[in-house]
1. Please name all residue pairs, on different chains or six or more residues apart, with Cβ atoms under 8 Å, provided the first residue is in segment 332-345 and is without any contact (Cβ under 8 Å) to a residue 24 or more places away in the chain and the second residue is among the acidic types (Asp, Glu).
2. Checking PRO69 against (1) open to solvent by 30 Å² or more (accessible area, probe 1.4 Å); (2) in contact with a Ser or Thr (Cβ under 9 Å, 6 or more places away or on another chain); (3) without any contact (Cβ under 8 Å) to a residue 40 or more places away in the chain; (4) closer than 30 Å to ASN134 by Cα, only one condition comes out false. Which one?
3. Working only within segment 1-16, note down all residues that are in contact with a helix residue (DSSP H, G or I) (Cβ under 8 Å, 6 or more places away or on another chain) and either open to solvent by 40 Å² or more (accessible area, probe 1.4 Å) or not in a helix (DSSP H, G or I) (or both).
4. Do you know which residues across segment 317-345 are part of a loop (DSSP other than H, G, I, E, B) and either open to solvent by 100 Å² or more (accessible area, probe 1.4 Å) or in contact with an Asp or Glu (Cβ under 8 Å, 6 or more places away or on another chain) (or both)?
5. Can you confirm whether segment 133-140 contains a residue that is open to solvent by 30 Å² or more (accessible area, probe 1.4 Å) and in contact with a Ser or Thr (Cβ under 9 Å, 6 or more places away or on another chain)?
6. Look at segment 141-171 and say how many of its residues are of a type in the set (D, E, K, R) and open to solvent by 30 Å² or more (accessible area, probe 1.4 Å).
7. For residues in segment 31-61 being open to solvent by 40 Å² or more (accessible area, probe 1.4 Å) and within 11 Å of ARG104 (Cα to Cα), which is modelled with the lowest pLDDT?
Amino acid sequence: MAITTLQQLEKYLSLTEDELSWEGGPTSVPLCITEHYMALIDPKDPSDPLRRQVVPTCHENTQAKSESPDPLMEVSHSRGERLVHRYKNRVAFLATDICPMYCRHCFRRRFTGNMVGPASEKDICDACSYLKDNPQIKEMLLTGGDPLTLSDVQLDHMIGSFRKARPDLIIRICTRYPVSQPKRITKALVDMFKSHSSAPFYLMTQFNHPRELTKESIKAVALFVDAGIPAMNQSVLLRGVNDSADVLEELCNSLLFNRIKPYYLFQGDMVVGTEYFRVPIRRGLEIEHELRLRLSGLAMPNYVADLPDGGGKIPLCGNYIVQEPDKEKGSWLFRTPEGGTRSVSDPV
């Protein structure tokens, strides 16, 4: 059974004053921790990085001036109740607002955990009509909440509807089940997705710490990869969790070894109640620079920020241009990751 109250949680952990002072509300998400994930937390360590991700504290009850319930402006970019069209060539469909476990750093807390449940048939039909009318859309993120909280039958119907409307649409399956409750991933589930393979699927995971990559998690992701569905990981840079080059180096190499491509390392979004999680960007840039020295290109994630007010994603990385040529053709001077310089000439 999942842990959903502080009283239940006290059977596993000696709660701190900050944890006991948490109050649910609009700046927070519900408390819900799976048994699988709870077993990974060190009960003797109040600063355990996994504990920090799932156990609420009073810091969620505050809102910084720069924070917003919807920093990415998904509401203003919504087409109907569940379809978000913020980028020209891709959309996000909010399949449900429910998760098996609620992350304290959740950026979609204006929607997630409201217990509304799965998208309605009307929501699905409206999204299908929109997809038909907008052929410039090439990809759809099936997200939420966690779409895999739906049953295989519900997912089969939903995916079948989208495939009927747009058989050419690439679908990203955005889920944290491999982290929170890997036993949900079964061969039957993966076979269902494969039965709708008129266009590719991609599995998008969120592993934030090396200890989350358990044997059960690796086996769950392998079911997708072995079926021809590539796995890509989107980590969030979180203070007290993974704001260390050593931790992220281990995570990224472990992910790659288990056939999961480190794709994004997100700067924390400016969503209400999460300031205590956000890492200063200057520190994030230092970590990004160090990772470039340690990781291969395959293992290196893109450090990005999703800008507030719907500004979109931008890469965050050091500037390696030291000097541009005066004319259209000439030599560029670049800084190497180690700190040296090299000259690169444009073609004559």
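1. Correct list of pairs: TRP332/GLU324; TRP332/ASP346.
2. If we test PRO69 against (1) open to solvent by 30 Å² or more (accessible area, probe 1.4 Å); (2) in contact with a Ser or Thr (Cβ under 9 Å, 6 or more places away or on another chain); (3) without any contact (Cβ under 8 Å) to a residue 40 or more places away in the chain; (4) closer than 30 Å to ASN134 by Cα, just (3) comes out false.
3. MET1, ALA2, ILE3, TYR12, LEU13, LEU15, listed by residue number.
4. Taking segment 317-345 first, the residues part of a loop (DSSP other than H, G, I, E, B) are 317-320, 324-330, 336-340.
CYS317, GLY318, ASN319, GLU324, PRO325, ASP326, LYS327, GLU328, LYS329, GLY330, GLU338, listed by residue number.
5. No, that holds for no residue.
6. Initially, segment 141-171 is screened for residues of a type in the set (D, E, K, R), giving 146, 152, 156, 163-164, 166, 168.
Restricting the remaining residues to those that are open to solvent by 30 Å² or more (accessible area, probe 1.4 Å) gives 152, 156, 164, 168.
Count: 4.
7. Among residues in segment 31-61 that are open to solvent by 40 Å² or more (accessible area, probe 1.4 Å) and within 11 Å of ARG104 (Cα to Cα), the one modelled with the lowest pLDDT is HIS59.
Residue by residue, here is whether (1) surrounded by 15 or more Cβ atoms within 10 Å (Cβ to Cβ); (2) hydrophobic (A, V, I, L, M, F, W, C); (3) in contact with a strand residue (DSSP E or B) (Cβ under 7 Å, 6 or more places away or on another chain) holds:
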| position | (1), (2), (3) |
| --- | --- |
| VAL247 | yes, yes, no |
| ASN253 | yes, no, no |
| GLU275 | yes, no, no |
| GLU290 | yes, no, no |
| SER296 | no, no, no |
| ALA299 | yes, yes, yes |
| GLY311 | no, no, no |
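The values are calculated or read from the model by the stated rules, or taken from the named source; none is laboratory data. Everything quoted here is computed from the prediction, not taken from an experiment. Here the Cβ is made from the backbone with ideal geometry for all residues, glycine too, and neighbour counts use every protein chain on show. Only protein heavy atoms, including side chains, enter the accessible area calculation; ligands, DNA and RNA are left aside. Shrake-Rupley method; radii C 1.70, N 1.55, O 1.52, S 1.80 Å.
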